[in-house]
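Note sheet for the following structure.
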Amino acid sequence: MKELVFAKGYQENELLRKSFNELASSIFGIDFEVWYQHGFWTEKYIPYSYIEYGRVVANVSVNLVDLIIDNEKKQSVQIGTVMTHPDYRNQGLSKKLMDQVLEDYKDIDLMYLFANQSVLDFYPKFGFKEYEELQFSMDRSFEAKGETGIRKLNGRNVEDLAFIYRLAADRLSGSAAFGTHGTEELLMFYCLMVFNQDLYYAQDEQAVVIMQHEEDTLHLYDVISKEKVELITILRKLVNKNTVKIVFHFQPEDDVLPLKTKVDKSSNVLFIKNLTGVSLPNAFKHPLTSQA
């Protein structure tokens, strides 16, 4: 085996980017090329990789994120796209890449990631601690107003995507208690690859809404606006006659809503490495649309 070459931040190298996408597709079933071609793969997303003969064989990606915690901005790194080609596993490559990331970002406030169930024993070796997330929900207790002023957007339309991106770049955090800032590029990945048929614009509120109906449940994934929006006003327009329950995939900030909370039992587990002793809330929810 030829000695592996380390490379990072190489998205403008077409051959390496193609190899990166091939590895991500084979392991996670995702491809970043459309995201790149739309201009959303910026310097905020940095792959750290080992290369052999021009092929990416192992990777740990850095996402530069500002976390909003108790209305204060904390400089953070979110780790994602941790992957190794099957032929190169059990050689310590992920550990070496993690060590490099930790060294490069040792002066930030927080480092965190979402791990699948198969690697829960890996990240504590680097000083990461497991945290439980909450799921916020509520029972519907109000009348529907109807989709007044709600316009469907197209996640494949260049103009609609540009409109969402401009709004997201200047948005309020979904919550001052726990939210994110500067994650518009991550949001656009979801708009392109996950929720391209679930995007709406609420004209009166000047807000982009990402939501899905699933039988009697309304899933609200994000509300993107420059000014604070009363969620109850939006919800009255989004629910239909079958809606019984509303699930929020972020931390809603609204004292009026009769919110319920429970521990989120999703397959991915949140790990945080607190480098500067930031005081974290006892209970919180990281917004799904800025999860790498």
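The values are calculated or read from the model by the stated rules, or taken from the named source; none is laboratory data. These numbers were taken from a predicted model, which means no experiment stands behind them. Neighbour counts run over all protein chains shown; Cβ positions are idealised from the backbone, glycine included. Ligands, DNA and RNA are stripped out before the accessible areas are found, and what is left, the full protein with its side chains, is counted by its heavy atoms. Shrake-Rupley method; radii C 1.70, N 1.55, O 1.52, S 1.80 Å.
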(request) Pick out which of Ser118, Ser76, Ser225 has the largest mean-square fluctuation in a Gaussian network model of the chain, springs linking Cα atoms closer than 10 Å. (result) Ser118
(message) Between Arg166 and Glu227, what is the label-point separation in nm under the 7 Å Cα-to-beta-carbon projection?
(response) 1.8
(message) Starting from a Cα-only point model with no solvent, please compute log10 I(q)/I(0) by Debye for the chain at q = 0.11, 0.13, 0.16 1/Å.
(response) -0.69, -0.94, -1.34
(request) Report the charge-dipole magnitude of the chain in Debye, nearest 20, computed about the Cα centre from +1 at each Lys and Arg Cβ and -1 at each Asp and Glu Cβ. (result) 340
(message) Please list, in order, the residues from the range 124-156 whose amide nitrogen is less than 13 Å from a point placed 7 Å along the Cα→Cβ vector of Asp264.
(response) 131-137
(request) Among Val244, Ile27, Asn282, pick out the residue whose Cα is farthest towards the positive end of the charge dipole of the chain, where Lys and Arg carry +1 and Asp and Glu carry -1 on C-beta, about the Cα centre. (result) Ile27
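What does the charge count near Lys74 come to, summing +1 for each Lys or Arg and -1 for each Asp or Glu among other residues with Cβ under 12 Å from its Cβ? Write down the numbers at each step before the final one.
Details: positive: Lys73; negative: Asp66, Asp70, Glu72, Asp109.
Local net charge: -3.
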(request) Please give the FRET efficiency for Lys96 paired with Phe142, using the beta carbon to beta carbon distance and R0 = 45 Å, rounded to the nearest 0.05. (result) 0.25
(request) Can you send over the solvent-accessible area of Ser49, 1.4 Å probe, protein chains only, in Å² to the nearest 10? (result) 0
(message) Using the basic label-point model (7 angstrom from Cα toward the beta carbon), what is the Val244 to Asn116 distance in nanometres?
(response) 3.3
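Excluding Val101 itself, calculate the net charge of residues whose Cβ lies under 12 Å from the Cβ of Val101, where each Lys or Arg counts +1 and each Asp or Glu counts -1.
+2
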(message) From the convex hull of the Cα coordinates of the range 216-292, what is the mean projected area in square nanometres?
(response) 7.1
(request) For Thr276, Thr217, write out the residues from largest to smallest accessible area, computed with a 1.4 angstrom probe and no ligands counted. (result) Thr276, Thr217
(request) Give me the angle, in degrees from 0 to 90, between the Cα long axis of helix 14-28 and the longest principal axis of the Cα atoms of the chain, rounded to the nearest 10. (result) 70
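Let me spell out the model: positive unit charges on the Cβ of Lys and Arg, negative unit charges on the Cβ of Asp and Glu, origin at the Cα centre of the range 2-93. What dipole size does that give, in debye rounded to 20?
Working: 9 positive and 12 negative charges, 30 e Å.
Here the range 2-93 has a charge dipole of around 140 debye.
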(message) Between Phe28, Phe250, Phe189, where does the largest GNM mean-square fluctuation fall for the chain, given springs only between Cα atoms within less than 10 Å?
(response) Phe28
(request) Would you calculate, for the chain, the mean residue ellipticity at 222 nm contributed by helices, counting each DSSP H stretch of 4 or more residues as -39,500 (n - 2.57) and dividing by all residues, to the nearest 500? (result) -6500 deg cm²/dmol
(message) From the phi angles alone, apply the Karplus equation (6.51, -1.76, 1.60; θ = phi - 60°) to the range 223-235 and give each ³J(HN,Hα) in whole Hz, x where the residue is Gly or Pro.
(response) 10, 10, 7, 7, 10, 5, 10, 6, 4, 4, 5, 5, 4
(request) Give me the Kirkwood hydrodynamic radius of the range 243-283, using the inverse of the mean 1/r over all pairs of distinct Cα atoms, in Å to one decimal. (result) 13.5
(message) Run the paramagnetic zone check for Glu130: 7 angstrom along Cα to Cβ, then residues of the range 19-36 with backbone nitrogen under 17 Å.
(response) none
(message) Roughly how far apart, in whole Å, are the Cα centres of the range 15-49 and the range 235-288?
(response) 28
(message) Give me the one-decimal nm value for the distance between modelled label points at Asn154 and Val194, 7 Å along each residue's Cα-to-Cβ direction.
(response) 2.4
(message) So if I place +1 on the C-beta of Lys and Arg and -1 on the C-beta of Asp and Glu, and nothing else carries charge, what would the dipole magnitude of the range 127-169 be about its Cα centre? I want it in debye, nearest 20.
(response) 280
